[in-house]
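The values are calculated or read from the model by the stated rules, or taken from the named source; none is laboratory data. Just so it is clear, the model here is predicted, and its values are computed rather than measured. All Cβ positions, glycine included, derive from the backbone under ideal geometry; neighbour counts span all protein chains shown. These area figures cover heavy atoms from the full protein model, side chains too; ligands, DNA and RNA do not enter into them. Shrake-Rupley method; radii C 1.70, N 1.55, O 1.52, S 1.80 Å.
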Amino acid sequence: MTRWISGGRRRPRAATVGGGRREPGLADALADARDLPDGEARVGELERLAALAEATGDLRSALAAWSELIETHLRGGERWRLFEPVCRCLDAAERAERAERAVPRPVQRSAGRADGWPDGLDDETLRRYRRYAVEALLGSPRIGLDQARALLAGLGGQAGDDDALVAALHCRIADHVGDEPAARRWLHRWQAAIGDPAAGCPDCLPLRQAELLAGWGDQAEALAIVESVRDAPAGCTAQPEAALTGALLSWLRAGQAQRAAEAHVRAYRRHRVTPEGFGYLATHLRFCALGGHLDRGLEILAEQLPRLDQPHDDLSVMEFTAAGALVCALAAPQRGDRPVRRPAYRGRPAAEITVAALGSELLGLATGLAGSFDARNGTGHQSARIASWLAERPLGQPVPLPDDETDDETDDDLDETDEPADGDGPDGDGPDRDGPDSGPTAEELGALTVRMIMAALDQLGDGYAVDAAGTVQGRCGAAMIQFRRAGERGEVLHSLVVADRRLPARRRAEAYAFCNGWNRDRLLPKAYVRDPGDGELTLVGEVTTDLAYGVAPAQVTVLVEAAVRTGVAYAEAVAALP
């Protein structure tokens, strides 16, 4: 079985959390599963290994597998799928805690983590996992209210109801089911509470509060919160575009149409392609509808339709389709017969449908999802909310939109003519069929995207392929080199190099010595030995760069070039071994 190690191969510990035995085969199989690209094969293997580890009493491997599965679903878009893994992970952690307390230890564990737990899995991480699971309730009707509230009660039992995370989740659930008085009470507690690292990005949380207030009609208070975020130093890669989008409709309702137009143009440049951008598209479409920019709304709708075929939470799909149906309904009297091209995707042929037909289709999707939420919630709030959206009408005469290429707030160079290669995605979250190529300038910071990686490799002139999960892989000299985005938000650039030259298993000590020498003398890449169990050893290297605060395309080019250059040198050194 495969095991990735630095320099030499470590023996697995005999003891594990809970006083059981850690199975070496499971540890190796889990290392193999981590090497799989994101997708159903990875999910299925992690589920199998987690269940097997629990059945054999190997709680360390079970915790590691459940944690890895949760992180995989976070990247996959359908966050409702992480609910069961979170519950299983928490259950395994509780059993490990009980067993840990029953075994006398000379040294007290620290940071809320039992001795022998997987690296990075501590109390704060488990609280974060609980938050993800409760938030999944808001994104999909597949999660039961009682199930989510049970997890939320666990958080409250740990920290109390005045904790920021607990108050925020109570507030959002109350708003989701239509209990505005309760939501307002929880919002006051949330605003008064001390920040909680497990609650999420501190720059984005105030925008959630502003969104709630705007939904209740408190436009002035919502704008005050948004302005405070815009005026603060940028510490989040989603800003300032997230804040600008949060203020769009409030500015429009306050009579500041020109300011809203400028914010829309700037923010949509980013949201049209970034993975997290899909959740903001409904606001951009509603701005076009209420601001009288119906042609632009139809253009955005046609451009973004392919993203419906990619995994998203049901709430985002409901809001996108409802906003799209509104645009179509307002445009239908003059443009009802206008054709909209829906591209081919996953075996479905390309087709042209009219604006009126598209509006009916989107309306059916939106109302169906709203009904599913309401059936789960036992209220009619989501259906009423969507109905109120569909009843909205333009607030005034449209104002001129800033030119996409000359807006003075940013200097994005939008190339409307380049055609993406087959299979290329706008940012690594799926194929980009018809949307225009766009993104930050070479020096402008933004979220890491697969398009940035591809552009860097294009500059180097190296051939590559991109799979459905957004993994970029190619050959260079005596090496296979792979790039992918990792981390909760895809903010980590991970590069992997595998040397063509393999060594017989009998030369294990020599392979370890080579990797140790490389790691001592060279900064990049970090060298490992892989044992597939077929009698030969594979020598590999990796480079991991955390880009949580954003990265410019020019910086990605430097990182990719360094990974390729040092990876090739590593592979050549392996090839030169006697």
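Here are the numbers for this structure:
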item	result
Selection within segment 24-72 - open to solvent by 10 Å² or more (accessible area, probe 1.4 Å), more than 29 Å from residue 472 (Cα to Cα) and in a helix (DSSP H, G or I)	24, 25, 51, 52, 54, 55, 56, 59, 60
Segment 68-90 residues that are farther than 18 Å from residue 58 by Cα, paired with ones that are of a type in the set (D, E, K, R) and open to solvent by less than 10 Å² (accessible area, probe 1.4 Å) (beta carbon under 8 Å, 6 or more apart)	72/42
Among the candidates 169, 155, 165, 187, residue that is of a type in the set (A, V, I, L, M) and modelled with pLDDT under 80	155
Test result for residue 127, over 21 Å from residue 385 (Cβ atoms), open to solvent by 40 Å² or more (accessible area, probe 1.4 Å), modelled with pLDDT under 90 and outside the structural domain of residue 70 (by the TED database)	no
Enumeration of residues in segment 284-299 that are crowded, with 22+ Cβ neighbours inside 10 Å and either free of Cβ contacts under 8 Å to residues at least 40 places away in the same chain or touching a Ser or Thr at 6+ places or on another chain (Cβ under 8 Å) (or both)	284, 287, 288, 297
Only one of 570, 528 that is open to solvent by less than 10 Å² (accessible area, probe 1.4 Å) and hydroxyl-bearing (Ser, Thr, Tyr)	570
Inter-residue pairs, beta-carbon under 8 Å, first on the phi > 0 side of the Ramachandran plot and in segment 26-53, second open to solvent by 30 Å² or more (accessible area, probe 1.4 Å) and at pLDDT below 85, 6+ apart	39/468; 39/469
Any chance residue 551 is at pLDDT 90 or above, in contact with a Gly (Cβ under 8 Å, 6 or more places away or on another chain) and crowded, with 18+ Cβ neighbours inside 10 Å	no
Matching residues in segment 346-384 - criterion: being assigned to a strand (DSSP E or B) and open to solvent by 70 Å² or more (accessible area, probe 1.4 Å)	348, 352
Sole residue being in contact (Cβ under 8 Å) with a residue 24 or more places away in the chain, open to solvent by less than 50 Å² (accessible area, probe 1.4 Å) and more than 18 Å from the chain's Cα centre (by Cα), chosen from 478, 486	478
Residue in segment 315-334 that is open to solvent by less than 50 Å² (accessible area, probe 1.4 Å), under 25 Å from residue 294 (Cα atoms) and in contact with a strand residue (DSSP E or B) (Cβ under 6 Å, 6 or more places away or on another chain) present	no
Residue 405 being acidic (Asp, Glu), modelled with pLDDT of 90 or more and surrounded by fewer than 18 Cβ atoms within 10 Å (Cβ to Cβ)	no
Qualifying position, being touching a residue at least 60 places away in the same chain (Cβ under 8 Å) and over 15 Å from residue 320 (Cβ atoms), among 269, 208	269
Subset tally (residues that are in contact with a Phe, Trp or Tyr (Cβ under 8 Å, 6 or more places away or on another chain) and part of a helix (DSSP H, G or I)) for segment 285-314	9
